[in-house]
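Written below as structure tokens is the structure these notes are about.
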Amino acid sequence: MRRAFLCALLALSLVLGSACGAGPEPAGEAAAEDLTVIGMCQVGAESDWRVANSESMKAVFTEENGYHLLFEDARQKQENQISAIRKFIQQQVDYIVLMPISESGWDSVLQEAKEAGIPVILVDRGVDVKDESLYAARVGSDFLREGRAAAAWMAETFRGEAVRIIHIQGTPGSTAQLGRTAALEEAVAAHENWELLVQLDGDFTQAKTYEVMTDYLSSLPAEADIDVVYCENDNIAFGALQALEERGYPCGRDGVRIITFDATRGALTECLNGRISLAVECNPLLAPLVEEIIQTLAAGGTPEKRHYVEEQVFTPENLTQDLIDSRKY
């Protein structure tokens with residue numbers, strides 16, 4: 001385990017604390033020596049999904065479970081993530097867990113982690129690197145498959161009718177955005193009567209989506225025909241709902257069909273109420289799978305490169321309040 005550097009820091013803090021009148025804490029130092037140190041860099045807290053994902057990690061990687069978690073919030077900036085990884089390397093952590101903001105731009109810093117002998121585990125999103133040995137494994141969702149499930153629902157729902165679609169995308173270049181966008185564009189190309197009216201950047205946030213959607217709706221003639229708004233996460237869906245209803249567009253079976261991804265409790269409630277027509281699950285509770293990978297690596301094994309979680313799709317017809325109440329996110 002890579003504890004020498006951290007223990008040295010702890011020892012220095014104890015010396016300084018003693019000089020200021022604080023007594024030594026040998027029990028704390030001994031405990032630190034027994035812990036596996038995880039350096040984790042999260043995207044931020046831009047969505048309900050992201051918050052649930054962070055809570056999952058913090059619940060599993062506790063001192064009671066044998067871990068010391070160093071958690072960094074990148075606040076939606078890749079440069080902050082790169083700086084955090086370099087700090088983790090200096091601290092000689094045992095493992096780095098990275099939720100990459102976008103796919104590109106990681107080769108150099110992941111090479112630094114590899115040269116330091118620190119395995120990197122990707123969570124949620126992936127990276128586009130020339131050498132896949134730069135990371136040990138990726139845990140998350142198959143975003144292309146999610147998008148294809150939504151497209152299949154659209155084809156079944158509209159059955160040959162003309163479909164006019166507004167597409168609101170997540171953070172450009174992120175794995176979720178790329179996969180869900182590719183699935184929709186693939187489906188539009190395959191259906192001559194589907195029309196993609198516009199693609200807007202919602203950046204996975206409710207506030208930005210409300211702003212860009214309001215601006216776009218204001219540019220349309222009164223009561224323009226809109227059949228579907230394809231939202232790349234729940235917070236985008238909430239912003240789109242607000243903007244649509246303020247402009248007089250009803251949402252649901254008799255109005256605009258809202259498609260969303262994540263299926264957090266708030267979105268499922270709106271789905272049960274009929275305002276959201278389809279919620280495609282993207283499970284944020286990924287910490288147990290990450291821990292399995294760490295245990296495999298610690299035992300000298302080689303984990304599978306990609307671990308996809310099981311997910312469902314929800315409509316008003318297959319939802320119940322009991323199911324929503326049982327959700328952990």
Potential extension, Lys130-Lys87 segment - 0.36 nm per residue separation minus Cα distance: 13.1 nm
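Taking only protein heavy atoms into account and a 1.4 Å probe, give the accessible area per residue of the stretch 47-104 in Å². The partial results should precede the final answer.
Details: 2560 Å² over 58 residues.
With all protein chains present, the stretch 47-104 gives 44 Å² per residue.
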Taking all pairs of distinct alpha-carbon atoms in the stretch 142-286, Kirkwood radius in angstrom: 14.8 Å
Paired Rg and Dmax values of the chain, which use every Cα atom, in angstrom: 22.6, 78
Contact order normalised by residue count of the chain, Cα under 8 Å, 6+ apart, percent: 15 percent
FRET E, pair Glu103, Glu245, Förster distance 35 Å, beta-carbon r, rounded to 0.05: 0.50
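Can you show me the helix-derived [θ] at 222 nm for the chain, built from DSSP H runs with n ≥ 4 at -39,500 (n - 2.57) apiece and divided by the number of residues, rounded to the nearest 500. Before the final figure, lay out each step's value.
Working: 12 runs with 144 residues, N = 329.
So the calculated ellipticity at 222 nm is -13500 deg cm²/dmol.
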Positive minus negative residues near Ala182 (Lys, Arg vs Asp, Glu; Cβ under 13 Å): -3
Simple spin-label estimate for Ala155 and Ser218 in nanometres, 7 Å along Cα-Cβ: 3.9 nm
Label point distance in nm, Glu311-Glu186, each placed 7 Å from Cα along Cα→Cβ: 1.3 nm
Listed residues Ala237, Val120, Trp153: farthest to the positive end of the dipole of the chain (Cβ charges): Val120
The stretch 35-79 shape via C-alpha gyration tensor axes, a/c threshold 1.5: oblate
For the stretch 92-166, alpha-carbon Rg over 2.2 N^0.38 Å: 1.61
Unsatisfied cross-links (Cα-Cα over 19 Å) in the set Lys58/Lys328; Lys130/Lys305; Lys77/Lys130; Lys77/Lys208; Lys87/Lys114: Lys77/Lys130
Cα gyration tensor category, rounded, prolate or oblate, for the stretch 24-174 with a/c compared to 1.5: prolate
Signed unit charges on C-beta, dipole axis of the stretch 174-238, positive-most listed residue Gln206, Asn193, Leu220: Gln206
Prolate/oblate/rounded label for the stretch 111-211 (Cα gyration tensor, a/c 1.5): prolate
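Give me the 1.4 Å probe accessible area per residue for the stretch 142-221, excluding ligands and nucleic acids, in Å².
Values: 3550 Å² over 80 residues.
Using a 1.4 Å probe on heavy atoms only, each residue of the stretch 142-221 averages 44 Å².
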For the stretch 242-329: span of alpha carbons on each principal axis (Å, largest first): 60, 26, 18
Charged-residue dipole, Cβ positions (Lys, Arg, Asp, Glu), the stretch 169-236 about Cα centre, Debye nearest 20: 240 debye
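Determine the share of the stretch 163-221's accessible area contributed by carbon and sulfur atoms, expressed in whole percent, with a 1.4 angstrom probe. Before the final figure, lay out the partial values.
Details: 1290 of 2450 Å².
Here it works out to 52 percent.
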Cα-centred dipole magnitude for the chain, charges only on beta-carbon of K, R (+1) and D, E (-1), debye, nearest 20: 480 debye
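The values are calculated or read from the model by the stated rules, or taken from the named source; none is laboratory data. All values derive from a computational prediction rather than experimental measurement. Positions of Cβ are backbone-derived with ideal geometry, glycine not excepted, and every protein chain shown enters the neighbour counts. Note: areas computed on protein heavy atoms with side chains; ligands, DNA, RNA excluded. Shrake-Rupley method; radii C 1.70, N 1.55, O 1.52, S 1.80 Å.
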